[in-house]
Amino acid sequence: MQTTTQLILTSLQIGAVYILFSLGLTLIFGVMRIVNFAHGHLFAVAALIVAYTMPWLVASGLPVLPAYLLAGLAAILAAMALGLLTYVFGFRFYQRDMVGSFILSIGLVLLLDGVLLKVFGGAVRPVPEVLPGTVVILGATVTVQRIALCVAAVAITGALYWALTRTKLGKALRAASIDHEAAMLQGVPYNRMALAGFMIATALAAVAGVLIAPVSIVSPVIGADYLIKGFIAVIVGGLGSVPGAILGGLFVAAIETLGGFYFDPSSALIAIFVLVIAVLLVRPKGLLGHG
């Protein structure tokens, strides 16, 4: 029972970050019908800024928690500024153009790989523990820091889902994702909705990077692994589906955790790809995909 509880809690911790990351990918695809491979670099930028800024703030005499919050705010703002630049000078010219956006995002990946390595170096960077202590749940031990990560991810996911279903902006985003031409005929400013969707997705990636920094080893290539898992999650759940991204993120985290415990990480990765193949054979649009 203790082992089962520990595996479930670990899956939820991993899945929390995958969900935030995947929600950004599915939001961009839903509104703009493009695939952004540079999404992982926005995530990496946020994590790297926290990893480099927070120790400096702590060494300057700032307490750990305020230092983390300040570094996290700076990281989110920097990632969103980078996301705005990539949209204004790149993706806004390739809306609903899968081929053009694919080529552009690959070019951005190569460019940002070089920039991040040049600016931050190739060494991994640990982040000081923000919330010390552990909690025992049904015999399983969980750090307070990881519980806080899960709580933050659930709160953000809930807020996003509420905003998409209850607010005027959210309804406009959903209308643009379902049929952008019909939405424009009804007065929805599609270009503004595309920008809003892209920036919300960027913010989600940045927040995920800030949350993962204290519980992971941060390096300039940290975004690549999350990008792969994030795409797998949205493919399994259904491209453009918010509930699908949540379901896919939990699926990927569960298989990764269980496979890694009972077998090894390589077997877990193979199992994840087998899951993708099986889902695409049965439901090409994903479990909760539509249109």
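Need the failing condition index for ASP179 against (1) open to solvent by 40 Å² or more (accessible area, probe 1.4 Å); (2) in contact with a His (Cβ under 6 Å, 6 or more places away or on another chain); (3) of a type outside the set (A, V, I, L, M, F, W, C), just the number.
The number of the failed condition is (2).
Here is a list: LEU131, LEU57, LEU85. Which entry is under 23 Å from the mean Cα position of the chain (by Cα) and surrounded by 15 or more Cβ atoms within 10 Å (Cβ to Cβ)?
LEU131
Of the residues that make up segment 126-138, is at least one assigned to a helix (DSSP H, G or I) and aliphatic (A, V, I, L, M)?
no
If the Cβ limit is 7 Å and pairs must be 6+ apart or interchain, which residue in segment 274-291 that is under 16 Å from GLY230 (Cα atoms) and assigned to a helix (DSSP H, G or I) pairs with which residue that is modelled with pLDDT under 85 and not aromatic (Phe, Trp, Tyr)?
Every condition considered, the pairs that remain are VAL279/GLY286; VAL279/LEU287.
Return the residues of segment 139-162 that are more than 26 Å from ALA47 (Cα to Cα) and either in a helix (DSSP H, G or I) or touching a strand residue (DSSP E or B) at 6+ places or on another chain (Cβ under 9 Å) (or both); say none if nothing qualifies.
If the condition is that a residue be more than 26 Å from ALA47 (Cα to Cα) and either in a helix (DSSP H, G or I) or touching a strand residue (DSSP E or B) at 6+ places or on another chain (Cβ under 9 Å) (or both), then TRP162 is the only one that fits.
Tally the residues that are free of Cβ contacts under 8 Å to residues at least 40 places away in the same chain and of a type in the set (Lys, Arg), restricting the search to segment 105-137.
Residues meeting the conditions: 1.
Just name the residue that is surrounded by the most Cβ atoms within 10 Å (Cβ to Cβ) out of those in segment 197-218 that are small (Gly, Ala, Ser) and closer than 15 Å to THR26 by Cβ.
Top of the filtered list is ALA205.
Can you tell which of LEU269, LEU227, LEU239 is outside any loop (DSSP other than H, G, I, E, B) and touching a residue at least 60 places away in the same chain (Cβ under 8 Å)?
Criteria check complete, one pass: LEU227.
I'd like to know if segment 104-126 contains one or more residues that are under 30 Å from THR3 (Cβ atoms) and either out of contact with any Gly (no Cβ under 6 Å at 6 or more places or on another chain) or not acidic (Asp, Glu) (or both).
yes
Residues being over 14 Å from SER216 (Cα atoms), open to solvent by less than 60 Å² (accessible area, probe 1.4 Å) and in contact with a Ser or Thr (Cβ under 7 Å, 6 or more places away or on another chain): count how many of those fall in segment 138-157.
Summing the residues that are over 14 Å from SER216 (Cα atoms), open to solvent by less than 60 Å² (accessible area, probe 1.4 Å) and in contact with a Ser or Thr (Cβ under 7 Å, 6 or more places away or on another chain) in segment 138-157 gives 4.
How many residues are open to solvent by 30 Å² or more (accessible area, probe 1.4 Å) and among the small types (Gly, Ala, Ser) if we restrict to segment 88-122?
Qualifying residue count, segment 88-122: 3.
Return the residues of segment 176-213 that are modelled with pLDDT under 90 and either on the phi > 0 side of the Ramachandran plot or assigned to a helix (DSSP H, G or I) (or both); say none if nothing qualifies.
ALA176, SER177, ILE178, HIS180, GLU181, ALA182, ALA183, MET184, LEU185, GLY187
The values are calculated or read from the model by the stated rules, or taken from the named source; none is laboratory data. In this text the structure is predicted, and so the values were computed from the model without any measurement. Using ideal geometry, Cβ is built from the backbone for each residue, glycine included, and neighbour counts are taken over all protein chains shown. In case anyone asks, the SASA skips ligands and DNA or RNA and just uses the protein heavy atoms, side chains included. Shrake-Rupley method; radii C 1.70, N 1.55, O 1.52, S 1.80 Å.
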